[in-house]
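Asks: Structure below; questions to follow.
Read-outs: derived from the displayed coordinates by stated rules, not from any lab. Predicted, not measured: the structure shown is a model, and the values here were computed from it. Heads up, the Cβs are rebuilt from the backbone with ideal geometry, glycines too, and the neighbour counts pull from every protein chain shown.
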Amino acid sequence: MELESVWNAKRQERRTAKHVDVCLVEDDESIVSMVRALLDPVGIDVLAVDSCEGAILALRSTRPRLLLVDLGLPDRTGLEIPGVVRGWYDYPRIPIVALTASVERAGAAWQAGFTGFVAKPIVPKTFQSMVKSWVLALKS
C-alpha cells in the first residue's frame, strides 16, 4: 500500500472514530456508577471498560479526551497502559490518570508515564472539578 493511501485511511479512521470525553478503565461497578453519576450531570460522556484488554479495544474505536485507569485490574496491571497507549500515533499526549488508594502505587504511576492520579476513595466534588478541567481544557 502506498504511503499516501495509508495516510488517507488513517485520516478517515480519525474522522469516523467516536469521540468520548472520558474512557474509564475500572472493574468495580460501584465506582463506575459513581463516576457516571458525577460526570453525566455536567455533560461529560463516559465510556467504561473493565480490563486492560477492554481499554485497548475501546481506544482503537474511540477518541477519548481523558483516560482514567484503575491500577488493580483483573487481567493486567493498569500501570502497563501508558506504555502501550503513548506509542500509538493518535495518543502521544492524552492525559492518563491513575485511580488508586495507595501512595506507593501513585508513585509507580508517575514512573510508568501517567499524567496524574486521583486518590480513592474519590471525593465527589474534587473529582468532578478535576475531570471537568481536564476535559474542558482539551475541548478548546
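Asks: Under a 5 Å amide H to amide H cut-off, with H placed in plane at 1.01 Å, what residues pair with V69 once short-range neighbours are removed?
Replies: V25, V97, A98, L99
Asks: Using θ = phi - 60° and the Karplus relation 6.51 cos²θ - 1.76 cosθ + 1.60, list the HN-Hα couplings for the stretch 111-116 in order, rounded to whole Hz, with x at every Gly or Pro.
Replies: Once rounded to whole Hz, the list reads 5, 7, x, 5, 6, x.
Asks: Please list the non-local residues whose amide H lies under 5 Å from the amide H of D45, H modeled 1.01 Å from N, same-chain partners needing a gap of 5 or more.
Replies: Counting only residues 5 or more places away or on other chains, the set is D21, V22.
Asks: Same structure, new question: Just to verify a number: FRET efficiency for S33 and S129, C-beta to C-beta distance, R0 = 25 Å, to 0.05?
Replies: The computed FRET efficiency comes out at 0.80.
Asks: So for the stretch 45-118, averaging the separation of alpha carbon pairs under 8 Å that are six or more residues apart and normalising by length, what relative contact order in percent results?
Replies: Reported relative contact order: 29 percent.
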